[in-house]
Amino acid sequence: MKTARLSVNAGEVRRQFPFFQPHPEMRSVIYLDNAATTQKPYTVIEAVSNFWAHHNATVHRGGHGVGAKASELYEAARTRVAQFLNAREPNEIVFTRGTTEAINLVATAWGEAFVQAGDEIIVTELEHHANLLPWMRLAEKQQATLKVWRITDDGRLNLDDLRELLTERTRLVAVSHISNVLGGVNPVAEICHLAHAAGALCLVDAAQSIAHMRVDVQRIECDFLMFSGHKAYGPTGIGALYAKREHLEAMPPYHVGGGMVQTVRWERVRWAEPPMKFEAGTPPIGEAIGLHAALDFIDSIGREAIESYEHELTQYALRRLQETPGVRLYGPVPDRTGIFAFTLEDIHPHDIATVLDTRDIAVRAGLHCAHPLSERLGGPTVRASLALYNDTDHIDALIEALHHTRQVFGYAG
Ligand code: PMP
């Protein structure tokens, strides 16, 4: 496969990122840790620095022009997120620090109001701790039951298993769109459909899908969906929660403080309308503006083009990993994305990552903030994860370095 024939030219994409430019004091890195965080294009860095240099003021407060401009930019970012997700209106978007905070918001504000003793919440065995611990804690607090939707031996979710778990006591099904360990794409629209048919709500953790495929909340028909800016070429400290308006209206606030009230009297407080009701305190304004630029960057390449390019690259990586002696690859083979959890012979994954690092290849090793899933897989793994600036040369370098690692640890041939 030659990347030049494909819809995305990864070399041209890399030119838009300072991280990939030669630097006199820095070695150039083959970055394969994109599921943890992505690198940032110039446009995102410039959008953030331009805000801080020229438009810095807090939003929705100051009686001056600078504040009005800051508010305008911040609200434009919200409108951009709504459009990116195909939400019905910008008021369905709450800015958060990221996916983790968004799930905690739902688990606390919605969960403590609507989940009662004896109710059930379903989570999958695939979940990142961010979509597991808030539900474990809520279940304990409300004396509700947490049910685990187990994966099949080949790392998939079987919808028939969900049908068996759903009951009239189920209040919510919480599922990741793409597993951060196995890379499989979960059938979230079907999952939400089944949840709704049983009278439950459906929450989709889109942290790993947002930068790699089209995410359309109206098509999925989810009640809640969230993502982090930093995994989508944007800044850290910013993410978004999408929630259907009716839920945002019914839910009490999460954090309370400045900016989320209409009036405060000793005897009575009136909350602001959503989404302000959920954005107490000074928000991450520059970061929201950086997120706007990141979504523009993604759309400047094109989400269908990204998806088809990454699909080709994934198939190439899959083939090369499968033919590498000693590699054991986890997760489903069809319908997967460019996240590869694997082991090599019986070399400890941390040792593998260390050897790869000596060749300037950045991967992650360990339990990937998904301890129950890693336990099911048999322990720690190495994880290589792709983004649209990676190409087949990067995969070849990884495979070459894995051969080298085998030799370093005394595996012949
Ligand atoms: N969910 C998934 C599937 C993830 O991969 C991650 C990050 N690794 C998170 C949630 C948490 O995201 P953040 O740390 O940006 O809040």
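The values are calculated or read from the model by the stated rules, or taken from the named source; none is laboratory data. Here the structure is a predicted model, which means the values were calculated and not measured. When we count neighbours, we look across all protein chains shown, and the Cβ atoms used for this are built from the backbone with ideal geometry, even at glycine. Surface accessibility is based on the protein's heavy atoms, side chains included, excluding ligands, DNA and RNA. Shrake-Rupley method; radii C 1.70, N 1.55, O 1.52, S 1.80 Å.
A few notes on this one:
- Within segment 374-395: backbone nitrogen closer than 17 Å to the VAL29 label point (7 Å, Cα to C-beta): 383-391, 394-395
- Estimated dipole of the chain in Debye, rounded to 20 [Cβ of Lys and Arg +1, of Asp and Glu -1, Cα centre]: 660
- Summed residue charge, Cβ within 11 Å of ARG303's Cβ, Lys/Arg positive, Asp/Glu negative: -4
- Residues of segment 95-116 with an amide N closer than 13 Å to a point placed 7 Å from the Cα of GLN143 along the Cα-to-Cβ direction: 116.
- Per-residue SASA entry for ARG376, accessible area with 1.4 Å probe, Å² rounded to 10: 90
- GNM flexibility winner over the chain from ASP153, ASP216, ASP296 (Cα, springs under 10 Å): ASP153
- Accessible area (Å², per residue) of segment 46-299, counting only protein heavy atoms and a probe of 1.4 Å: 40
- In a fully extended conformation the segment linking HIS404 and HIS311 would gain 30.8 nm over its present Cα-Cα distance, using 0.36 nm per residue.
- The mean of 1/r over all pairs of different alpha-carbon atoms in the chain, once inverted, gives a Kirkwood hydrodynamic radius of 22.4 Å.
- Helix runs (DSSP H) in the chain reaching 15 Å along axis by Cα, Kyte-Doolittle at least -0.5: 65-85, 285-301, 392-408
- Extension gain for the segment SER49 to GLU273, taken as residue separation times 0.36 nm less the Cα-Cα distance, is 77.6 nm to one decimal.
- Accessible area of segment 196-290 belonging to carbon and sulfur atoms, whole % at 1.4 Å probe: 50
- Pairwise FRET efficiency - ASP153 versus ALA117, Cβ, R0 = 41 Å, nearest 0.05: 0.75
- A Förster radius of 35 Å, combined with the Cβ-Cβ distance separating GLU72 from ALA362, puts the computed FRET efficiency at roughly 0.35.
- Fraction of beta bridges assigned by DSSP in segment 162-305 that are antiparallel (%, nearest 5): 55
- For the chain, Cys with no neighbouring Cys Cβ under 4.7 Å: CYS222, CYS369
- Largest-first ordering by accessible area, 1.4 Å probe, given options PHE19, PHE224: PHE19, PHE224
- Taking every DSSP beta bridge that has both ends in the chain, the antiparallel portion is near 55%.
- GNM remark for the chain: springs join alpha carbons under 10 Å apart, and the peak mean-square fluctuation among THR79, THR282, THR38 falls on THR282.
- Helical mean residue ellipticity (222 nm; -39500 (n - 2.57) per DSSP H run of 4+; nearest 500) of the chain: -11000 deg cm²/dmol
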